[in-house]
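A.B. asks: Starting off with a structure, shown below.
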C-alpha cells in the first residue's frame, strides 16, 4: 500500500508540474507573439517617420528651388515722388531755458 500511495502522490505531483509547465509555455508563446508584434509595429512606425521626414525634406527643397527662381529686386535709380507732402509739426513743449542765476536765488533765499 505504501508503494501505491507513494506512486499516486508522485503521479499527482508530476501532473501538477506538467500543468504548470504547460501554463508557463503558453505564457512564453504569448509573450513571443507580443514581442514580434512590437517589433513589426516599431519597424512600421520608423518607416512612417522616415517617409514623413522625406516628404518634409522634399517640400523644403521645392520651396528653396521656388525661392531661388524668383529674380532679386533690381536697383532703381531716379527721383522718388511722394504722394502726400510731409508736414513738420512744432514741438508741443516749450524749450527749457537755462539761466545763469545761482540756485539759492531761485529758491528765494
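Derivation of every value follows stated rules applied to the coordinates shown; laboratory data play no part. Please read these numbers as outputs of a predicted model, since none were measured by experiment. Backbone-built Cβ (ideal geometry, glycine too); neighbour counts: all protein chains shown.
A.B. asks: With a ≥ b ≥ c the root eigenvalues of the C-alpha gyration tensor of segment 1-58, is it rounded (a/c under 1.5), prolate (a/b larger than b/c) or oblate? Before the final figure, lay out each step's value.
C.D. replies: Details: a/c = 14.74, a/b = 13.75, b/c = 1.07.
Verdict is prolate for segment 1-58.
A.B. asks: Calculated FRET efficiency, residue 22 and residue 49, Cβ-Cβ r, R0 25 Å, to nearest 0.05?
C.D. replies: The calculated FRET efficiency here is 0.05.
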